[in-house]
1. Return a yes/no flag: does region 19-29 have any residue that is within 17 Å of the chain's Cα centre (by Cα) and farther than 19 Å from Asn85 by Cβ.
2. Quick one: in region 58-96, of everything that is assigned to a loop (DSSP other than H, G, I, E, B) and touching a residue at least 24 places away in the same chain (Cβ under 8 Å), which residue is surrounded by the most Cβ atoms within 10 Å (Cβ to Cβ)?
3. Please go through region 6-44 and pick out each residue that is among the charged types (D, E, K, R) and in contact with a strand residue (DSSP E or B) (Cβ under 9 Å, 6 or more places away or on another chain).
Amino acid sequence: MKWTRKNKILSCICLMLIFVFIFSHSTPKLAVRTNIFFSGHFIESVTCDLKKGDSEKQLYLVTPPILEKSTESNLVTYKVYNFWNLIHYANYYGEV
C-alpha cells in the first residue's frame, strides 16, 4: 500500500486521539476529571479537589460538590473502574 499524504495525516490523527484517550484515563483522578469535564463542568474539572473514599469500591469524593443544574443535586461521589491496570474509567456513583 502506498502511503499518500492523506493516509499519513489520517493515521497521525488516529494515533493522537488514541494517545489522548489513554493519557486522560491513565490514573483514577484523571479519569474522574475527564468525566466531570465531558459532563459539562469545565471549570470544576480543573479546580475541584479529589479525595479517595472507600478503597474497596474505588470511590472518589469531589470537594466542593458540583451542582447539577438540571436535577439540582450535588455530584459528590464517583466510582472508578480499572481495566488491565492501564485504563481507568470513572462514572457518577450517587449519594453515599
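1. Yes, region 19-29 has at least one match.
2. It comes out as Tyr93.
3. Once the filter is applied, which keeps residues that are among the charged types (D, E, K, R) and in contact with a strand residue (DSSP E or B) (Cβ under 9 Å, 6 or more places away or on another chain), region 6-44 yields Lys29, Arg33, Glu44.
All of the numbers you see were taken from the coordinates with simple rules; none came from a lab. Please read these numbers as outputs of a predicted model, since none were measured by experiment. Don't worry about glycine lacking a Cβ; one is built from the backbone with ideal geometry, like all the others, and counts go over all protein chains shown.
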